[in-house]
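Down below is the structure, laid out as structure tokens.
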Amino acid sequence: MPNQRKSDKSFNVYDDIREKLVKKGISRDEIVFIHEANTEEKRAKLFEKMRSGEVRVLLGSTEKMGTGVNVQKRLIALHDLDAPWRPSEVGQTLRTLAR
């Protein structure tokens, strides 16, 4: 499988998840990593693509996505690989899903 390992041969969970989703039929263009949006302008464009449905899957760490990422308009599921323990890290998403 391409892109599962970094150049130093270490495992990359983001690439692994993306490859598994692509195999399940999701277009590679619809899967984005939050760390690719490395400026405020890019983040704003990415969040708009999430809200419009152009991007279906957004992968990122709790640190990068835990606060201030309001893209849950079409949110169906949230999966934490390393569940946060502070309420501020999951509060908005849990409130949204509870509606």
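The set of residues from segment 54-68 being more than 10 Å from the chain's Cα centre (by Cα), at pLDDT below 90 and either more than 15 Å from D80 (Cα to Cα) or not charged (D, E, K, R) (or both) comprises G66, T67, G68. The set of residues from segment 44-66 being assigned to a helix (DSSP H, G or I), of a type in the set (S, T, N, Q) and out of contact with any helix residue (DSSP H, G or I) (no Cβ under 6 Å at 6 or more places or on another chain) comprises just one member, S52. Give segment 24-56 a look and list any residue that's under 17 Å from N12 (Cα atoms) and loosely packed, with under 14 Cβ neighbours inside 10 Å, or say none. If the condition is that a residue be under 17 Å from N12 (Cα atoms) and loosely packed, with under 14 Cβ neighbours inside 10 Å, then R28, H35, E36 are the ones that fit.
For segment 17-43, the set of residues classified as part of a helix (DSSP H, G or I), of a type in the set (A, V, I, L, M, F, W, C) and within 14 Å of the chain's Cα centre (by Cα) consists of I17, L21, I34, listed by residue number. Residue-level analysis places K23 outside the set of residues that are in contact with a helix residue (DSSP H, G or I) (Cβ under 7 Å, 6 or more places away or on another chain) and not small (G, A, S). Among the residues of segment 75-99, the ones that are modelled with pLDDT of 80 or more and assigned to a helix (DSSP H, G or I) come to 0 in all.
The values are calculated or read from the model by the stated rules, or taken from the named source; none is laboratory data. Note that this is a predicted model, so its numbers are computed, not measured. Quick reminder, even Gly has a Cβ in these numbers, built from the backbone with ideal geometry, and neighbours come from all protein chains shown.
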